[in-house]
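Structure first, commentary second.
The values are calculated or read from the model by the stated rules, or taken from the named source; none is laboratory data. Remember, predicted model here, so these are calculated numbers, not experimental data. All Cβ positions, glycine included, derive from the backbone under ideal geometry; neighbour counts span all protein chains shown.
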Amino acid sequence: MPSRIEVQRLRELLAQGAQLVEVLPVEEFRGEHLTAAQNIPLKELSAETTGGLRRSSPVVVYCHDAL
Amino acid sequence: MSPRAACRLETLGFEEVYDYVEGKADWVARGLPTEGDREGERRIGQLARRDVATCALDERVGDVRSRVEASPYGFALVVAGDDIVLGRLRRAALEGDPDVRAEAAMEPGPSTVRFDLSPAELAERLDRRDLRTAVVTTPDGTLAGLMRREDL
């Protein structure tokens, strides 16, 4: 079960080298994204598109907001 | 959207998956670093004024009145918990029976705007509805402050 985190925990994880993935469409990612994030839109999540991520290391996903 | 993405990553074999549920809106409004075409653009969450009077549900209207008079506005916001905005006490209510509780006198569910709007976006919204102020909240309804049209 994925853990829901808030900004403080996110910053800790990023400082420890966590991988950060924005799952919004590419247009929104190009407009603005968190520094160091990479973009894999939700509709494109697959074994192939996540092939560049380390499966044994923490990964954090985010979209626009909780709504 | 992100909960589904987090779940999908787990099904793909990722061992340690986290979901930053408040997302980009939260990050941006905190003024944390971003990249992209809108990088550096200011948001109303960073600009909102913190000088609006607030009160609890069970406070007497008469006790709230002095705080409103000391503020630049003619109203108070009724909040609960961690400053979740539940209502607004307008001038007419504040000038009424001083013994009435805020909960009974408030206008429930006042309109709010999200704190990651740009100043230009908010100005357009206010002008369209001929409003002079906007209550700014986080995505979970927590009061971030107030924006005045004249400050945009």
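Summary table
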read-out	value
Index of the failed condition, A:Arg55 passing every other in (1) farther than 21 Å from B:Thr34 by Cα; (2) part of a helix (DSSP H, G or I); (3) facing chain B (nearest Cβ under 7 Å)	(2)
Qualifying residue in region A:38-48 (condition: touching a residue at least 24 places away in the same chain (Cβ under 8 Å) and out of contact with any Cys (no Cβ under 6 Å at 6 or more places or on another chain))	no
Matching residues in region B:108-139 - criterion: being surrounded by fewer than 14 Cβ atoms within 10 Å (Cβ to Cβ) and within 14 Å of another protein chain (Cβ to nearest Cβ)	none
Count of residues meeting criterion [modelled with pLDDT under 95 and within 30 Å of A:Cys63 (Cβ to Cβ)] in region B:77-107	3
Check on A:Val61, assigned to a strand (DSSP E or B) and either touching a helix residue (DSSP H, G or I) at 6+ places or on another chain (Cβ under 6 Å) or of a type in the set (Asp, Glu) (or both)	yes
Residue match in region B:36-59 (condition: within 14 Å of another protein chain (Cβ to nearest Cβ), farther than 21 Å from B:Leu146 by Cβ, surrounded by fewer than 22 Cβ atoms within 10 Å (Cβ to Cβ) and in contact with a strand residue (DSSP E or B) (Cβ under 7 Å, 6 or more places away or on another chain))	yes
Selection from region A:12-48 of residues that are more than 7 Å from every other protein chain (Cβ to nearest Cβ), surrounded by 13 or more Cβ atoms within 10 Å (Cβ to Cβ) and in a loop (DSSP other than H, G, I, E, B)	A:Ala18, A:Leu24, A:Pro25, A:Ala37, A:Ile40, A:Pro41
Flag if B:Ala134 is more than 30 Å from A:Gln38 (Cα to Cα) and in a helix (DSSP H, G or I)	no
Of residues in region A:1-11 being at the interface with chain B (Cβ under 7 Å from one of its Cβ atoms) and either under 17 Å from A:Leu53 (Cβ atoms) or not in a loop (DSSP other than H, G, I, E, B) (or both), the one modelled with the lowest pLDDT	A:Pro2
Odd one out for B:Ala25 among (1) free of Cβ contacts under 8 Å to residues at least 24 places away in the same chain; (2) out of contact with any Leu (no Cβ under 6 Å at 6 or more places or on another chain); (3) surrounded by 21 or more Cβ atoms within 10 Å (Cβ to Cβ); (4) in a helix (DSSP H, G or I)	(1)
